[in-house]
1. May I ask you to list the residues in segment B:7-25 that are more than 11 Å from chain A (Cβ to nearest Cβ) and either touching a residue at least 40 places away in the same chain (Cβ under 8 Å) or part of a loop (DSSP other than H, G, I, E, B) (or both)?
2. So which of B:I178, B:I115 is in contact (Cβ under 8 Å) with a residue 12 or more places away in the chain, within 17 Å of B:C64 (Cβ to Cβ) and aliphatic (A, V, I, L, M)?
3. Regarding segment B:53-74, can at least one residue be identified that is farther than 18 Å from B:F143 by Cα and within 13 Å of chain A (Cβ to nearest Cβ)?
4. I want to confirm something. Restricting to segment B:1-49 and keeping residues that are hydrophobic (A, V, I, L, M, F, W, C) and closer than 16 Å to A:D284 by Cα, which single residue is modelled with the lowest pLDDT?
5. If A:P285 passes every condition in (1) within 11 Å of chain B (Cβ to nearest Cβ); (2) surrounded by 21 or more Cβ atoms within 10 Å (Cβ to Cβ) but one, which one does it miss?
6. Could you pull out the residue among B:F35, B:F3 that is of a type in the set (F, W, Y) and either assigned to a helix (DSSP H, G or I) or within 11 Å of chain A (Cβ to nearest Cβ) (or both)?
7. For segment A:323-340, enumerate the residues that are surrounded by 16 or more Cβ atoms within 10 Å (Cβ to Cβ) and touching a Lys or Arg at 6+ places or on another chain (Cβ under 9 Å).
8. What are the residue pairs meeting all of these: first residue in segment A:218-229, first residue in the same structural domain as A:G316 (by TED's automatic domain parsing) and within 14 Å of A:R317 (Cβ to Cβ), second residue aliphatic (A, V, I, L, M) and assigned to a helix (DSSP H, G or I), Cβ atoms under 8 Å, and 6 or more apart or on different chains?
Amino acid sequence: MGEVREIRSAYVRPLDLKHGRVDLTHGSGGRAMVQLIAELFARHLGNEYLGQGNDGAVLPVPSIAGKPGRLVMSTDCHVVSPLFFPGGDIGSLSVHGTINDVAVMGATPLYLAAGFILEEGFALNDLARIVESMANAARAAGVPVVTGDTKVVERGKGDGVFITTTGVGVLPDGLQLGGSRARPGDRVLVSGSLGDHGVAIMSKRENLSFDAAIESDSAALHGLIAALLATGADIRCLRDPTRGGLAATLNEIASQSGVGMMLHEKAIPLKPVVAAACEFLGLDPLCVANEGKLIAICAAADGERLLATMHAHPLGRDAALIGEVIDDAHHFVQLTTAFGGRRIVDWLVGDQLPRIC
Amino acid sequence: MKFIDEFRDGELAQTLAGKISALVEPFRRYSFMEFCGGHTHAISRYGLSDLLPDSVRLVHGPGCPVCVLPIGRVDMAINLALQQQVILCTYGDTLRVPASDGLSLMKAKARGGDIRMVYSTLDALQIARDNPQREVVFFAIGFETTTPPTALAIQQAQREQLGNFSVLCCHVLTPAAIGTILESPEVRQWGSVPIDGFIGPAHVSTVIGSRPYEFFAEEYRKPVVIAGFEPLDVMQAILMLVRQVNEGRAEVENEFSRAVTREGNLKAQDRVAEVFELRREFEWRGLSVVPYSALRIRRNYAQFDAERRFKLDYRSVPDNKACECGAILRGVKRPQDCKIFGTVCTPENPVGSCMVSSEGACAAHYSYGRFRETGQVSV
């Protein structure tokens with residue numbers, strides 16, 4: 001009879017977050033992956049739902065004024081390059097971007113899911129910075145990451161890290177916002193200066209770096225949106241003008257609603273540094289991406305009231321009324337130039353700046 | 001923006017517009033060709049024609065570098081990228097110019113060509129330094145403005161003995177193009193393209209000076225006013241042209257005196273002369289084959305000449321039959337006169353080169369001005 005020996009518990013070397021790198025085992029479903037999740041993702045993003053540790057999270061749906069409301073769901077992939085930029089990084093961006101997509105529907109964002117595609121060799125230190133920033137953004141917004149997934153691809157098959165986030169929110173019955181609701185006479189508002197995100201990213205591109213005192217405007221807009229909705233104003237449509245900028249967003253709404261728009265160049269808020277950068281790069285600031293700006297279209301009578309509400313919110317201090325919706329069978333978005341002429345504000349052709357978000 | 005906003009001032013524009021309106025003579029029409037795409041772009045982007053009296057008509061000229069690039073030249077670049085497997089560097093606008101077989105450099109990139117957009121020839125040199133095992137070719141296009149930087153890059157490559165760097169030279173010359181337009185039957189014999197004067201190039205003139213235009217003013221009795229690319233520059237130039245026409249003068253005047261002298265940039269001219277020589281002939285899109293209208297790399301720098309290095313032969317390829325780019329580049333037709341404008345041919349799917357660059361007449365009209373076609377004015 002052999003003697004019974006106690007089985008020694010294995011020593012698990014902690015993740016080397018200073019010098020370690022992602023390797024293929026981190027995505028293999030084995031202990032290394034469990035360790036990465038525990039020591040990095042769960043440590044920063046942890047909450048009671050993520051802590052359930054199952055294949056999916058079981059979530060309560062809060063009722064609105066005693067009614068169940070409707071679910072709003074949106075998903076967004078993030079491939080921004082560089083991963084870290086003035087005013088943010090891919091982590092905070094992936095939280096803000098998806099919260100905004102849910103919030104512009106008029107919904108209160110509740111939960112996020114996050115999928116990570118990591119490239120073999122990616123520094124764990126950078127990954128930790130990204131996850132931490134994501135956690136901070138989610139905490140500040142009050143929207144937890146409740147479930148996630150991680151995959152690792154071989155070196156050369158990815159570009160550091162790609163993050164997909166999915167958001168869920170609740171929308172009260174009766175509230176209906178949408179791109180097809182703009183009517184001639186409506187007012188067009190923007191919550192602040194345009195093009196900050198795109199120019200901040202561009203200023204750090206490898207082949208192009210220039211010194212511009214500009215930060216990305218990356219921010220979660222659900223607080224500002226809640227304040228706007230609380231006014232009871234007749235809001236037709238809210239959008240966040242990301243890729244393609246103001247031009248793409250307004251062209252989209254114009255064609256969905258079957259209307260035209262007339263904007264006034266002098267009224268459009270633009271930081272001088274952004275205007276200057278666009279000038280020498282040959283970009284149109286109206287086509288440059290934003291990550292913390294809101295376009296609102298509302299009934300004419302409510303324009304000034306919404307503008308005042310925006311001004312009272314920290315994310316809407318530079319808000320402006322920039323134009324109105326007009327009757328136009330061609331659905332053109334037009335602009336009266338500060339010079340005194342008129343022109344079309346067209347969709348962006350091609351991509352003046354790939355991998356902006 | 002200091003030194004920019006001053007040239008886009010709406011109130012000054014109104015003042016100038018008032019002066020032009022007061023000066024134009026009744027029952028007289030004024031047709032001015034803006035040679036440069038930079039002017040075409042400014043006119044469309046700032047809605048300049050809204051400020052001009054109906055009797056002043058602006059005719060778009062051929063001065064858009066990617067517009068005049070013939071299909072055969074783009075084919076050569078695509079061949080270098082796909083067959084010869086070089087790293088092909090070029091300026092952004094060139095990427096979308098339509099070539100043979102439905103290709104463009106952009107589409108060739110998706111097929112595996114290593115094609116990179118650069119902002120400067122210095123970037124192309126750096127790519128050559130960073131990739132010593134690869135051949136790196138700079139696809140050089142443009143008028144006299146972009147020629148000196150190419151000359152410098154070639155001289156720098158020689159100093160550094162960068163054996164893997166070469167240039168596919170497609171630099172063209174402004175005076176040759178103006179001369180061709182003035183000699184065209186539409187202008188000279190039939191009068192179907194009335195040209196009462198030229199808004200002369202801005203950036204090109206900083207290099208070549210105002211002197212080369214004196215021949216056109218004298219020989220063809222056409223006034224030339226060299227103008228900057230800002231909208232007020234263009235307005236001021238139109239005012240000066242109207243004055244010359246009214247007074248029966250045909251002179252070279254310089255509105256862009258803050259940057260252009262009569263002699264131009266002599267240092268840049270010297271560099272260009274050191275590295276380049278005239279080509280006997282060159283095919284332009286729209287203007288067809290124009291003698292002595294382009295540059296090629298001199299024998300002393302032969303090792304940096306991609307045409308010699310890769311033994312490339314130029315093969316002329318006709319434009320799409322329905323495309324009117326040729327007539328538009330000569331001022332014979334307007335973009336909206338083309339049957340496929342805005343239908344088959346759009347900035348997303350350009351058939352002709354004029355729909356590619358924002359300086360192209362078709363792209364500028366499509367992106368900024370096509371509301372004028374609808375005949376409705378709803379403000």
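The values are calculated or read from the model by the stated rules, or taken from the named source; none is laboratory data. Remember, predicted model here, so these are calculated numbers, not experimental data. When we count neighbours, we look across all protein chains shown, and the Cβ atoms used for this are built from the backbone with ideal geometry, even at glycine.
1. Within segment B:7-25, B:K19, B:I20, B:L23, B:V24, B:E25 meet the criteria.
2. Of B:I178, B:I115, the one residue that is in contact (Cβ under 8 Å) with a residue 12 or more places away in the chain, within 17 Å of B:C64 (Cβ to Cβ) and aliphatic (A, V, I, L, M) is B:I178.
3. Yes.
4. B:M1
5. (1)
6. Result: B:F3 is the single residue among B:F35, B:F3 that is of a type in the set (F, W, Y) and either assigned to a helix (DSSP H, G or I) or within 11 Å of chain A (Cβ to nearest Cβ) (or both).
7. A:G323, A:E324, A:V325, A:F332, A:Q334, A:L335, A:T336, A:T337, A:A338, A:F339
8. Cβ pairs passing all conditions: A:A219/A:L315; A:L221/A:I99; A:L221/A:A103; A:L221/A:L315; A:G223/A:L315; A:L224/A:M310; A:L224/A:L315; A:A227/A:A312.
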